[in-house]
Amino acid sequence: MRSFLALVLALLAGTTAAEPYSGPVKHDYPDQVYWGDTHLHTHLSADAFSMGALVTPEEAYRFAKGETIRATGGDEVRLRRPLDFLMVSDHAENMGVLPRLAAGDPGFLESEDGQRMFKLLASAPALSDVLKSKSLEEFKVGDTALMNAKGAKGGDFGVDEDFMRNVWGHVVAIAEKHNDPGRFTTFVGYEYSSGSPMLHRNVMFAGGPAHTLQARPFSSWDSRNPEDLWAYLESYREKTGSDVISIPHNSNLSRGNMFSTVTYEGEPLSREYARVRSSIEPIIEVTQIKGDSETLPSISPNDEFADHEPWRNLAKPQAEAEARQSYARSALQTGLALGAELGVNPFKFGMIGSTDSHTGLATADEDNFWGKMGGNQPSPYRARTQAQYSSSGYAAVWATENTREAIFAAMKRREVYATTGPRITLRFFGGWGYTDEDASRPNLAEVGYRKGVPMGGDLARTPGEAPRFLVSAVKDPDGANLDRLQVIKGWRDVTGTLHEKIYDVVWSGDRAIGEDGKLPAVGSTVDLETASYVNSIGSASLATTWTDPAFNPHEAAFYYVRVIQIPTPRWTTYDAKFYKLGDSPRDVIQERAYSSPIWYTP
């Protein structure tokens with residue numbers, strides 16, 4: 001067996017690279033959607049390891065590819081449907097330290113934090129024992145002990161540059177080992193964790209080891225200012241000639257700081273700030289285990305679907321101004337105003353989902369949810385103690401092939417969308433030549449690209465005619481029917497005022513929009529006692545062309561699609577049935593997908 005150093009050297013020399021992928025002939029446009037997770041933690045993350053998670057990056061990649069592994073709790077687990085791509089994004093801060101500390105590495109026991117945390121880790125209960133607690137009270141005691149061990153994440157263990165580079169080399173090598181062009185794609189990356197408030201980013205590298213081994217994980221210990229992260233990533237681009245992006249996540253917990261209208265230091269935004277941010281951060285993570293970041297009822301009061309999976313553990317409610325700078329839809333609106341002021345829109349982003357799982361298991365299905373942290377893995381107690389967590393989400397990418405180059409290019413051009421877990425196939429195009437017949441054509445995608453631009457694109461200027469949009473969605477083959485497709489419009493009027501409006505553009509059944517402007521609810525087939533539903537309502541697919549009835553050629557605007565499923569059981573309901581929990585919450589959820597926007601600039 002080759003040593004780790006030999007593996008890294010071989011990777012640099014290209015001797016372990018897979019054979020060049022030679023797949024079927026492709027169209028000159030993306031004709032395949034690929035599913036993945038860009039936000040997954042393993043035992044290398046200090047907060048994952050300290051809370052009992054022992055799954056390695058090697059095992060995480062195998063699980064994502066559909067192989068059976070053993071979860072830390074002791075169960076054998078397999079992903080029902082493999083993913084197409086994965087980025088393991090362990091925290092840069094103390095990456096890989098705790099496994100070595102727990103093993104008694106003398107280099108880390110020299111520091112005061114090292115000695116203290118070694119004793120704390122040694123006294124922490126085994127996760128498998130906590131999950132098998134005989135009572136709720138016993139579970140709470142064990143879970144609290146694991147939570148207390150999480151404090152090791154921020155310890156000062158005297159980590160030196162050699163250790164950091166050795167761990168980073170391991171991260172690169174494992175990603176390269178599992179990268180299989182045309183079949184399964186891996187990305188080298190990590191999480192930059194600036195908080196509190198939460199300004200975390202997942203850093204994704206486009207290149208291979210010849211480039212990524214020239215980097216090192218820039219962490220919040222280098223700087224808590226994300227603008228310094230961008231500067232580091234720009235220098236990496238210049239040094240290597242290879243690309244990299246930063247993906248903001250958990251904006252719902254940023255306390256108004258993720259999409260602030262001033263810099264981290266409180267200075268007015270500049271055109272250069274907008275240029276750098278829009279280049280480095282072309283997409284955001286809009287949904288994940290810690291809740292949804294699309295919008296809130298307080299900032300979208302006319303949106304009946306705005307209250308989807310909010311994070312309910314906030315110490316205090318967010319004021320409207322703070323919330324507007326924490327959620328994606330209002331940030332897209334603010335971006336229109338900043339674009340008019342600065343000449344560059346800093347918040348011109350596409351949207352993806354990912355899990356933020358700290359178990360090494362990239363799962364986002366309600367009936368196959370393996371939790372956030374170790375103590376949130378399946379047990380009779382989690383639904384009664386940790387129901388705030390969401391089983392979400394995944395990144396969907398329209399790419400020409402399943403390779404790093406093609407998937408990364410799609411993310412750069414924002415031809416991506418988010419789902420809360422279901423693998424809904426979503427197409428969204430904008431232009432001026434679409435006809436009503438185009439929505440029912442078998443070559444809808446070919447027509448969409450030929451006559452307009454896809455999600456993530458820009459509409460060209462027009463002499464005044466309203467654009468038309470081509471929208472199509474198909475249900476998850478293994479999931480629920482669709483309730484409706486909506487177009488969300490945001491715009492800046494000629495006075496500078498920002499607006500939003502939700503249009504139901506096509507829906508299932510024979511419902512009609514009422515005098516109040518609302519489409520009646522689709523109904524529900526959910527049986528809470530049996531945690532089941534049937535697809536006797538809703539539609540397997542929905543498609544239409546739609547014209548903005550209030551289009552003004554002098555007003556900047558964006559449009560994105562939201563797909564709503566029929567109601568289905570939430571993961572807490574599945575837990576209640578499986579564990580026979582009579583006093584556990586039994587909930588219904590309407591899962592969804594969000595396209596990246598299409599922008600119109602006068």
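The values are calculated or read from the model by the stated rules, or taken from the named source; none is laboratory data. Just so it is clear, the structure is predicted and the values come from calculations on it, not from any experiment. Neighbour counts run over all protein chains shown; Cβ positions are idealised from the backbone, glycine included. Note: accessible area is taken over every heavy atom of the protein model, side chains too, but ligands, DNA and RNA are not part of it. Shrake-Rupley method; radii C 1.70, N 1.55, O 1.52, S 1.80 Å.
Count Lys and Arg as plus one, Asp and Glu as minus one, and take only other residues whose Cβ is under 12 Å from that of Gly496; the net charge is then -2.
On full extension, the segment bounded by Arg275 and Arg450 gains 60.1 nm, given 0.36 nm per residue less the C-alpha separation. Counting only protein heavy atoms and a probe of 1.4 Å, the accessible surface of region 292-369 is 47% carbon and sulfur. Using a 10 angstrom Cβ neighbour count of at most 14 plus a DSSP loop assignment to flag exposed trypsin sites (Lys or Arg not before Pro), which longest range of the chain is free of such sites? With trypsin sites (Lys or Arg not before Pro) excluded where exposed in loops, the chain gives 313-460 as its longest stretch.
Here the chain is scanned for GluC sites (Glu not before Pro) in DSSP loops (not H, G, I, E, B) that have at most 14 other Cβ atoms within 10 Å, and the longest stretch holding none of them is 305-464.
Put simply, the C-alpha atoms of region 79-237 give a gyration tensor, and the ellipsoid matching it has half-axes of 30, 22, 16 Å, longest first. Over region 445-575, the hull volume per residue, using the convex hull of the C-alpha atoms, is 156 Å³. Panel values: the chain, Kirkwood radius from alpha carbon pairs, Stokes-Einstein at 20 °C and 1.002 mPa s, translational diffusion coefficient 86 µm²/s. Carbon and sulfur atoms: what percent of the 1.4 Å accessible area of region 127-199 do they account for? Carbon plus sulfur share of accessible area: 49 percent. Report the local net charge at Ala531: Lys and Arg +1, Asp and Glu -1, summed over other residues whose C-beta lies under 11 Å from its C-beta. Residues near Ala531 contribute -3 overall. Working from label points 7 Å from Cα in the Cα-to-Cβ sense, the Ser524 to Ala321 distance is 3.8 nm.
Counting Lys and Arg as +1 and Asp and Glu as -1 over every other residue whose Cβ lies under 12 Å from the Cβ of Pro467, the net charge comes to +1. Taking label points 7 Å from Cα along the Cα-to-Cβ direction, Glu137 and Thr68 give a separation of 3.9 nm. When nucleic acids and ligands are ignored and a 1.4 Å probe is applied, Thr497 ends up with an accessible area of around 70 Å². Share of pairwise Cα-Cα distances greater than 16 Å in region 227-272 is 53 percent (whole percent). Across region 300-395, counting alpha-carbon atoms alone, Rg and Dmax equal 17.0, 54 Å. Fully extending the segment from Val262 to Asp228 would add 10.7 nm, taking 0.36 nm per residue of separation and subtracting the current Cα-Cα distance. Distance between the pseudo-spin-label points of Glu76 and Arg441 (7 Å out from Cα toward the beta carbon): 5.0 nm. The portion of the accessible surface of region 477-596 made up by carbon and sulfur, rounded to a whole percent, is 51 (1.4 Å probe; DNA, RNA and ligands excluded). Applying 1/(1 + (r/R0)^6) with r as the Cβ-Cβ distance of Asn535 and His499 and R0 = 41 angstrom yields a FRET efficiency of 0.70. Rounded to the nearest angstrom and listed largest first, the equivalent-ellipsoid semi-axes of region 202-283 from its Cα gyration tensor are 23, 14, 12.
Taken per residue, the accessible surface of the chain reaches 38 Å², heavy atoms only and a 1.4 Å probe. Averaging 1/r over each pair of different alpha-carbon atoms in region 339-383 and inverting the result gives 13.4 Å, the Kirkwood hydrodynamic radius. Taking each of Lys348/Lys451; Lys239/Lys489; Lys372/Lys489; Lys518/Lys577; Lys412/Lys489 in turn, the alpha-carbon distance tops 30 angstrom for Lys239/Lys489; Lys372/Lys489; Lys518/Lys577.
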